[in-house]
1. What is the Å³ per residue value for the convex hull set by the Cα atoms of the stretch B:53-186?
2. How long is the stretch B:1-77 along each principal axis, judged by its Cα atoms, biggest number first, in Å?
3. Enter the per residue convex hull volume of the stretch B:190-265, computed from alpha-carbon coordinates, in Å³ rounded to the nearest integer.
4. Rounded to whole Å and sorted largest first, list the principal axis extents of the Cα atoms in the stretch A:53-173.
5. Using a 1.4 angstrom probe on the protein heavy atoms only, line up B:Arg204, B:Arg129, B:Arg179 by accessible area, largest first.
6. Write down the percent of antiparallel bridges among all DSSP beta bridges whose residues are both part of the stretch B:3-224, to the nearest 5.
7. Work out the mean other chain Cβ neighbour count within 10 Å for the residues of B:85-91 and drop it here as an integer.
8. Let me spell out the model: positive unit charges on the Cβ of Lys and Arg, negative unit charges on the Cβ of Asp and Glu, origin at the Cα centre of the protein assembly as shown. What dipole size does that give, in debye rounded to 20?
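The values are calculated or read from the model by the stated rules, or taken from the named source; none is laboratory data. Since this is a predicted model, take the numbers as computed values, not measurements. Backbone-built Cβ (ideal geometry, glycine too); neighbour counts: all protein chains shown. SASA here: full protein model, heavy atoms, side chains in, ligands and nucleic acids out. Shrake-Rupley method; radii C 1.70, N 1.55, O 1.52, S 1.80 Å.
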Amino acid sequence: MKISRSTAMPYIIWMIIFTVIPLILVTYFAFTDGNGTFTMANISEVKDYVAVIFRSIWLAFVATVICLIIAYPLAYVVSRASEKKQKTYLLLVMLPMWMNFLLRTYAWMTLLENTGIINRLLVMIGIGPFAMINTQGAVVLGMVYNYLPFMILPLYSNMTKIENRLIEAAQDLGAPSRKVFSEVVWPLSLPGVMTGITMVFVPAVSTFIISRMLGGGSNMMIGDLIELQFLGNAYNPNLGAAISLGLMIFILLCMSMLNQFNEEDKEGMII
Amino acid sequence: MENLIVLKDIVVKFDGEQVLNSINLEIRDKEFITLLGPSGCGKTTTLRIIGGFVEANEGDIFFDGVRINDVPPYKRQVNTVFQKYALFPHLNVFENIEFGLKIKKMPPKERSAKVKEMLELVGLKGFERRSIDQLSGGQQQRVAIARALVNRPRVLLLDEPLGALDLKLRKEMQTELKRIQQSTGITFIYVTHDQEEALTMSDRVVVMKSGNILQIGTPQDIYNEPINAFVADFIGESNIIPGIMRTDYHVEFAGNSFECVDTGFDPDQLVDVVVRPEDIKVVEADEGMISGVVKSVIFKGVHYEMLVEGAGEDWLIHSTVASEPGTLIGMNILPNDIHIMDREEEPVLSEQKEDGNED
Ligand SMILES: Nc1ncnc2c1ncn2[C@@H]1O[C@H](COP(=O)(O)OP(=O)(O)O)[C@@H](O)[C@H]1O
Ligand SMILES: [Mg+2]
């Protein structure tokens, strides 16, 4: 498609101001010290935080997988329901998103506390209390809870495009439910899966509020680390920029790998 | 010939609305049977009952004498060519056709040979690696047929398979399908709303209307002895004129008394008289039993189609010679070409109960 230059102009200006210039700035800070002279020190310092980086990737990965496992069957059931029911289900999925993100996470904090509602109930029936807050499990829970809709929605929108008659055609050709799934539904839903993974993994790997509120001090993630460099007492914007750059390159690599996976189906991908 | 599939008193309701009203149908082994009727009369639903995609609210379906109401689609020895093909978009031509064989775990070599054979049969050799969206409607159509046929089902269900094709291709595919049916000996259950298609291809035709079967018979039966005016009109353009059956062999219509070959009506019974357009002979004005004025003439290739007004009726005539519009002509009808039918009560559309023509 050919877009005339004048139509594209506002977007080009937008991109330059809000994407290109910040990128250049981040790169500039990452390769300079406080005085503005070139240095590789920031970049090489990133390796001191490998543990944090790996923890972030690991927790984000686990949360993404759990989201996929929960969202996939849910999205499928919704996509096969009657149109009226689909609207209701979708509303239920979206409803928690209307509440403020911080509020939702605070709610989990009070629920999971050592003296929180869950533990008190558990004690009442004679088990527990368990240490739930300030664990990796709590962080994953927070991420799954917050990002689940981002998995459900792309899956759902992809699956509504899988026509019933294709499923019927597979059954007609002798495929029992298991085969209908593996031979038709799953391959056709792959673009949605890829989009969902991207939409959950990317924010999850760079989150900082969830890990701080539910993970305590010992479960710091890349997001927390970067925030510390800019706003915290560790104030070091140059290091923060270097870590950001590293995270960005990592995410770009992940996404190009996913894209590779999904070569033929451009549909539903986030570029 | 024995019956392969039997539908017994099948009733289907969607949202409380009765779509099939107690359908009874016996389908014989190896025959080419066509369900014919206007859109919305329940053809697809009947086919889906046989395929297993719709459950009957009442009644039974038998396959080879065994009741199969509760057998899921994937266990039925039936394959379908769906109305809009329903090809798998993530698979290429070869993989689409291979699908059923792969499910049955046929070894790849054998599979490949069968697919090749099928591609040749439907004239798509060399298209193996094409993706579905690179095919024309006609080619997709043929892939859909191949995908179903390759499984060698006992029965092939075809739901308006040629609907999306242009006239020439449709004619070719009609011949092709008939040939395939005869050479494979597979029972074809074919759905169409095109009467010409039904008449040219089928061993037997089932004429349906709003959830009922009106008539079952060979194309000749249906064409020559339609059971009522609806069938007559649907099966080919017809002149349907109200008349009175005075006695056996004598009918009155268009202000004239005609000799006919029909018997068994009550004296002075009100009837519908059906005359095919090609059965009206055009003669000089003073030599005809009915006279009329030509209103329009259209050239149709093999014949002229004339609209004539006379004796208070409009007459549709197919004739190899044309008369100028405005001229007065005479019309004659031979006794053999006069078909007498019980006057059909106008069916009340909202009321689904139908009690036949018992009057
Ligand atoms: N899934 C369905 N839900 C509700 N009504 C349906 C459904 N399928 C078909 N119908 C209705 O049943 C009637 C018969 O449909 P169908 O068998 O598709 O007719 P045909 O194939 O002869 O055009 C139509 O009035 C149609 O609207
Ligand atoms: Mg139909």
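1. With only Cα atoms used, the stretch B:53-186 gives 130 Å³ per residue.
2. Over the stretch B:1-77, Cα extents along the principal axes are 35, 26, 21 Å.
3. Working: hull volume 8.2 nm³, N = 76.
So the per-residue Cα hull volume is 107 Å³.
4. 55, 35, 31
5. Sorted descending by solvent-accessible area, the residues read B:Arg129, B:Arg179, B:Arg204.
6. Working: 22 of 40 bridges.
The antiparallel fraction comes to roughly 55 percent.
7. Across B:85-91, the average partner-chain Cβ count within 10 Å equals 6.
8. 5060 debye
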